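The values are calculated or read from the model by the stated rules, or taken from the named source; none is laboratory data. No experiment lies behind these values; they were computed from the predicted model shown. Please note: Cβ atoms are built from the backbone with ideal geometry, for glycine as well, and neighbour counts cover all protein chains shown. Heavy atoms of the whole protein, side chains included, go into the accessibility calculation; ligands, DNA and RNA do not. Shrake-Rupley method; radii C 1.70, N 1.55, O 1.52, S 1.80 Å.
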Amino acid sequence: MWSCVGKRFQRLNQRHYALICKAPCVQQLCSSSSEFTDSCYNGLYPGHIPTTPIQKALLAVGSGVAALQDPYRHDMVAVLGETTGHLALINLRDRMRNDPEGYTILIERPRIRLSTLDLSKMASLPDGSFGREYLRFLEDNHVTPDTRADVKFVDDEELAYVMQRYREVHDLLHTLLGMPTNMLGEVAVKWFEAAQTGLPMCALGAVLGPLRLNARRLQSLFTSLGPWALQNGRRARCVLSVFYERRWEQSLEDLREELNIKPPPVIVAASNKRST
């Protein structure tokens, strides 16, 4: 049934996206999402695609079904987050404004990309430092911060940056929480993010993600990792209000203590499998 419904919504989503892409300025964005010029967009920020509430609803439903079928469709997960997270983004923005470090981030707008990271310096840091452990996470899980898509459908320039910041610190949360990128690790991080951010996308992933786990990992999630992730997400300092780029030399243990994040109760082994 889900396959049939998913195909219908994917066709609907493709038709809707085709309508959006008819605008001359958006055609360039569709053909090259990573390269654009400031002179060819009428939105609030480079790459912005204005949408009506009805269009957002269609995108949310279509991307939600596609993400349910394949949780590793990061493009669909991104669209779902942008089209459903307005109220949560306002709350996160306000929390950042009320935090001195978070306010500095909103003013300076740092980006976490390979072009902004000094990998050689991070590799020279001692084991146990936040920067070295983050680099180890990237290497062990074969991921890169450059895979995070740029925001397109958030109709507020500052909120768009908050969403972008959330995406770019996601892998840092994996490092802080000690979670790999397999399905169990991703679900545990989503439980933390749901409690921490209130983003509907995170809540949906927290609810539906366990459906893809086997019995042994379900037991681990519900008896230890899940309660730990929820508790840490609720009591931790706002994770978007931390200038991680200035914390590479800080020890991971000290940073966890500062953010009020407890280490994981069990060690989750990394796996290259896409599902469990």
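Observations on the model:
- From the list 135, 106, 114, the lone residue that is closer than 18 Å to residue 167 by Cα and modelled with pLDDT under 95 is 114.
- Meets criteria (under 13 Å from the mean Cα position of the chain (by Cα) and either under 16 Å from residue 245 (Cβ atoms) or of a type in the set (A, V, I, L, M, F, W, C) (or both)) for residue 101: no
- Hits in the stretch 105-117 - residues which are open to solvent by 20 Å² or more (accessible area, probe 1.4 Å), among the β-branched types (Val, Ile, Thr) and touching a helix residue (DSSP H, G or I) at 6+ places or on another chain (Cβ under 7 Å): none
- Qualifying residue in the stretch 154-165 (condition: under 30 Å from residue 59 (Cα atoms), of a type in the set (Asp, Glu), open to solvent by 40 Å² or more (accessible area, probe 1.4 Å) and free of Cβ contacts under 8 Å to residues at least 40 places away in the same chain): no
- Those residues of the stretch 88-102 which are free of Cβ contacts under 8 Å to residues at least 40 places away in the same chain and under 26 Å from residue 203 (Cα atoms), in sequence order: 94, 97, 98
- Leading residue by the ranking (most open to solvent (accessible area, probe 1.4 Å)) among those in the stretch 118-141 that are part of a loop (DSSP other than H, G, I, E, B), closer than 22 Å to residue 177 by Cα and free of Cβ contacts under 8 Å to residues at least 60 places away in the same chain: 127
- Going through (1) touching a Gly at 6+ places or on another chain (Cβ under 8 Å); (2) open to solvent by 30 Å² or more (accessible area, probe 1.4 Å); (3) assigned to a loop (DSSP other than H, G, I, E, B) one by one, residue 151 falls short only on (2).
- Among the candidates 249, 258, the residue that is charged (D, E, K, R), in contact (Cβ under 8 Å) with a residue 24 or more places away in the chain and either touching a Lys or Arg at 6+ places or on another chain (Cβ under 9 Å) or assigned to a loop (DSSP other than H, G, I, E, B) (or both) is uniquely 249.
- Matching residues, the stretch 166-180, being out of contact with any Ser or Thr (no Cβ under 9 Å at 6 or more places or on another chain) and either crowded, with 22+ Cβ neighbours inside 10 Å or assigned to a helix (DSSP H, G or I) (or both): 167, 168, 169, 170, 172, 173, 175, 176, 177, 179
- Reported count of residues in the stretch 181-207, each being buried (at least 23 other Cβ atoms within 10 Å of the Cβ) and not in a helix (DSSP H, G or I), is 1.
- Residue in the stretch 82-102 that is open to solvent by 60 Å² or more (accessible area, probe 1.4 Å), touching a Cys at 6+ places or on another chain (Cβ under 7 Å) and at pLDDT 85 or above present: yes
- Residue within the stretch 208-220 that is assigned to a helix (DSSP H, G or I), at pLDDT 95 or above and open to solvent by 50 Å² or more (accessible area, probe 1.4 Å) present: no
For every residue, the table says whether it meets (1) over 22 Å from residue 248 (Cα atoms); (2) aliphatic (A, V, I, L, M); (3) touching a helix residue (DSSP H, G or I) at 6+ places or on another chain (Cβ under 6 Å).
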site: 167; (1), (2), (3): no, no, no
site: 183; (1), (2), (3): yes, yes, yes
site: 191; (1), (2), (3): yes, no, yes
site: 201; (1), (2), (3): yes, yes, yes
site: 207; (1), (2), (3): yes, yes, no
site: 226; (1), (2), (3): yes, no, yes
